[in-house]
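The values are calculated or read from the model by the stated rules, or taken from the named source; none is laboratory data. All values derive from a computational prediction rather than experimental measurement. We place every Cβ from the backbone using ideal geometry, glycine too, and count neighbours over all the protein chains shown. To get the accessible areas, we keep the full protein, side chains included, count just its heavy atoms, and leave off ligands, DNA and RNA. Shrake-Rupley method; radii C 1.70, N 1.55, O 1.52, S 1.80 Å.
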Amino acid sequence: MSPPLLKLGAVLSTMAMISNWMSQTLPSLVGLNTTTRLSTPDTLTQISPKEGWQVYSSAQDPDGRCICTVVAPEQNLCSRDAKSRQLRQLLEKVQNMSQSIEVLNLRTQRDFQYVLKMETQMKGLKAKFRQIEDDRKTLMTKHFQELKEKMDELLPLIPVLEQYKTDAKLITQFKEEIRNLSAVLTGIQEEIGAYDYEELHQRVLSLETRLRDCMKKLTCGKLMKITGPITVKTSGTRFGAWMTDPLASEKNNRVWYMDSYTNNKIVREYKSIADFVSGAESRTYNLPFKWAGTNHVVYNGSLYFNKYQSNIIIKYSFDMGRVLAQRSLEYAGFHNVYPYTWGGFSDIDLMADEIGLWAVYATNQNAGNIVISQLNQDTLEVTKSWSTGYPKRSAGESFMICGTLYVTNSHLTGAKVYYSYSTKTSTYEYTDIPFHNQYFHISMLDYNARDRALYAWNNGHQVLFNVTLFHIIKTEDDT
């Protein structure tokens with residue numbers, strides 16, 4: 001207990017003792033007991049209050065006068081003596097005071113208990129405040145780290161934010177037209193015939209067409225982020241490929257599955273992702289040639305793959321069940337001459353994006369660095385090529401998005417998109433876009449423009465990564 005509370009307890013105890021003493025002792029002090037002892041220097045006589053008038057003592061003063069002391073009967077003392085009445089009134093006041101002190105004592109005891117309770121609560125609050133102070137430092141550190149991570153995520157957006165200015169103007173125009181049309185429709189509801197319906201219908205169709213054109217322009221963008229993966233299925237060996245057709249209709253969701261990177265010719269087909277997960281095959285194709293690597297692609301109903309132990313590209317039609325075209329990729333290394341970091345005859349990587357069909361490989365003429373070639377999907381002829389300065393053997397995997405090649409720095413844990421090359425501007429840049437290599441070994445990584453996702457074969461697991469693209473809306477003035 002703290003010193004102030006000890007002092008309060010001592011005061012309360014003292015007040016109680018004083019009250020008890022006054023109620024018991026004060027009457028005897030003022031001479032109001034039933035028996036009273038009076039003494040003088042001459043005599044000491046005990047007088048009963050029930051007796052009549054009696055002489056108690058006599059004496060002579062210095063002037064020679066006789067002085068007698070008498071005792072009146074009890075009834076006269078109680079009823080006639082003014083001093084007696086004053087003493088009784090004093091006694092009553094003392095008794096009343098004693099009762100008041102008792103009440104005060106009870107209240108003080110109650111308040112004392114309340115103070116003790118409050119002292120305990122204050123100690124508890126003090127401990128809680130101390131804990132909050134300790135926790136605040138920890139929380140501040142945690143919140144600061146979270147803010148720093150968010151700021152790091154926003155940093156890549158800074159160089160491209162200026163390009164939103166022209167886009168915002170176009171979007172504002174769209175909003176204004178929609179607002180005007182809404183006002184017209186509201187007016188028609190209030191007053192039929194105020195506007196020509198056909199004219200209004202044409203305006204709606206025109207706006208819809210413009211919005212669709214705008215959406216088409218949104219299909220391309222710059223890669224900003226990769227999230228996931230989502231594990232679709234676990235099957236096959238450590239190496240393989242699985243894919244869908246980016247040019248297929250919305251109702252056509254067929255999946256093709258090619259296990260292993262060599263010594264195989266069997267392609268399994270599934271009608272949907274659900275059938276693929278359950279293992280319900282719809283058809284099996286036996287190719288005329290074995291494939292090399294895992295970097296195949298299905299594009300517009302046909303399979304494009306690298307023929308085993310060669311730099312020949314094969315186009316195989318699933319609907320016709322036969323080879324439609326084949327062509328040698330001039331100077332391209334093959335059979336583990338210029339593979340990705342994981343090997344597996346991954347010298348020639350075939351891929352597709354929003355622009356078309358591509359081949360990524362390396363040549364002696366380009367010192368083993370990556371070459372990008374755009375292919376004619378019917379004849380397999382190279383329509384244009386770009387030579388980069390990135391070594392093919394240092395790349396983990398690569399994929400195309402909107403004419404830009406993105407290269408990872410490894411196929412193992414800690415891999416990230418490290419390098420990009422734009423075929424539009426013939427320029428490159430080093431990037432830092434991490435992604436989660438959940439199963440530690442990636443042997444296939446391809447972009448699907450329809451699904452806006454990366455298909456990957458991750459150590460015997462078929463997974464999907466979501467991509468975030470930064471879109472730039474082009475106006476008619478930009479063309």
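Only residues that are in contact (Cβ under 8 Å) with a residue 12 or more places away in the chain and in a strand (DSSP E or B) were counted in segment 418-437, giving 11.
Would a scan of segment 467-476 turn up a residue that is part of a loop (DSSP other than H, G, I, E, B), open to solvent by less than 60 Å² (accessible area, probe 1.4 Å), modelled with pLDDT of 95 or more and hydrophobic (A, V, I, L, M, F, W, C)? Show your work before the answer.
As a first pass, look at segment 467-476 and keep what is part of a loop (DSSP other than H, G, I, E, B): 472-475.
Retained after the next criterion (residues that are open to solvent by less than 60 Å² (accessible area, probe 1.4 Å)): 473, 475.
Restricting the remaining residues to those that are modelled with pLDDT of 95 or more gives none.
Scanning segment 467-476, I find no residue that is part of a loop (DSSP other than H, G, I, E, B), open to solvent by less than 60 Å² (accessible area, probe 1.4 Å), modelled with pLDDT of 95 or more and hydrophobic (A, V, I, L, M, F, W, C), so the answer is no.
Inspect segment 456-465 for any residue being open to solvent by less than 40 Å² (accessible area, probe 1.4 Å) and at positive phi and give the result as yes or no. Checked against the condition, which is being open to solvent by less than 40 Å² (accessible area, probe 1.4 Å) and at positive phi, segment 456-465 yields at least one hit. Comparison of Y316, Y261, Y285, Y257 shows that the only residue that is part of a loop (DSSP other than H, G, I, E, B), more than 23 Å from S385 (Cα to Cα) and modelled with pLDDT of 95 or more is Y261. Annotation: G356 fulfils all but one of (1) under 43 Å from the mean Cα position of the chain (by Cα); (2) open to solvent by 10 Å² or more (accessible area, probe 1.4 Å); the unmet one is (2). Would you be able to say whether some residue in segment 338-345 is without any contact (Cβ under 8 Å) to a residue 60 or more places away in the chain and closer than 20 Å to K265 by Cα? Yes, there is a match, as at least one residue in segment 338-345 is without any contact (Cβ under 8 Å) to a residue 60 or more places away in the chain and closer than 20 Å to K265 by Cα.
Condition first: in contact with a Leu (Cβ under 8 Å, 6 or more places away or on another chain), open to solvent by 30 Å² or more (accessible area, probe 1.4 Å) and in a strand (DSSP E or B). Can you find one or more residues in segment 319-332 that meet it? Step through it out loud before you land on a result.
Taking segment 319-332 first, the residues in contact with a Leu (Cβ under 8 Å, 6 or more places away or on another chain) are 325-327.
Narrowing the set further to residues that are open to solvent by 30 Å² or more (accessible area, probe 1.4 Å) leaves 326-327.
Applying the additional criterion that residues be in a strand (DSSP E or B) yields 326-327.
Within segment 319-332 (the criterion being in contact with a Leu (Cβ under 8 Å, 6 or more places away or on another chain), open to solvent by 30 Å² or more (accessible area, probe 1.4 Å) and in a strand (DSSP E or B)), the answer is yes, since at least one residue qualifies.
Every condition in (1) part of a strand (DSSP E or B); (2) open to solvent by 60 Å² or more (accessible area, probe 1.4 Å); (3) closer than 25 Å to G240 by Cα is met by M400 except one, and the failing one is (2). Of all residues in segment 369-387, those being open to solvent by 10 Å² or more (accessible area, probe 1.4 Å) and within 41 Å of the chain's Cα centre (by Cα) number 0. Among the residues of segment 230-243, what is the count of those that are of a type outside the set (V, I, T) and open to solvent by 20 Å² or more (accessible area, probe 1.4 Å)? Total meeting the criteria: 5. In segment 212-242, the residue that is modelled with the highest pLDDT out of those that are in a loop (DSSP other than H, G, I, E, B) and β-branched (V, I, T) is T237.
Residue count for segment 333-350 satisfying the condition of being outside any loop (DSSP other than H, G, I, E, B) and charged (D, E, K, R): 1. Can you name the residue in segment 263-280 that is crowded, with 16+ Cβ neighbours inside 10 Å and among the charged types (D, E, K, R) and, of all such residues, is farthest from W242 (Cα to Cα)? The extreme case among them is D275.
Here is a list: D275, D245. Which entry is modelled with pLDDT of 95 or more, closer than 20 Å to V463 by Cα and assigned to a loop (DSSP other than H, G, I, E, B)? Steps first, please.
Values: D275 fails: assigned to a loop (DSSP other than H, G, I, E, B).
Residue meeting the stated conditions: D245.
If the condition is being part of a loop (DSSP other than H, G, I, E, B) and open to solvent by 20 Å² or more (accessible area, probe 1.4 Å), then segment 288-309 contributes P288, F289, K290, N300, Y308, Q309. Checked against the criterion of being hydroxyl-bearing (S, T, Y) and more than 17 Å from L223 (Cβ to Cβ), the candidates S422, S398, S373 yield just one match: S373. Looking at A415, is it without any contact (Cβ under 8 Å) to a residue 40 or more places away in the chain, of a type in the set (G, A, S) and either over 30 Å from L324 (Cβ atoms) or open to solvent by 10 Å² or more (accessible area, probe 1.4 Å) (or both)? It is true that A415 is without any contact (Cβ under 8 Å) to a residue 40 or more places away in the chain, of a type in the set (G, A, S) and either over 30 Å from L324 (Cβ atoms) or open to solvent by 10 Å² or more (accessible area, probe 1.4 Å) (or both).
Would you say L329 is at pLDDT 95 or above, under 45 Å from the mean Cα position of the chain (by Cα) and hydrophobic (A, V, I, L, M, F, W, C)? Even if it seems obvious, please write down each step before you answer.
Details: at pLDDT 95 or above: yes; under 45 Å from the mean Cα position of the chain (by Cα): no; hydrophobic (A, V, I, L, M, F, W, C): yes.
Considered against the rule, which asks whether it is at pLDDT 95 or above, under 45 Å from the mean Cα position of the chain (by Cα) and hydrophobic (A, V, I, L, M, F, W, C), L329 comes out as no.
All of (1) out of contact with any Gly (no Cβ under 7 Å at 6 or more places or on another chain); (2) within 22 Å of Y447 (Cβ to Cβ) hold for G293 with one exception: (1).
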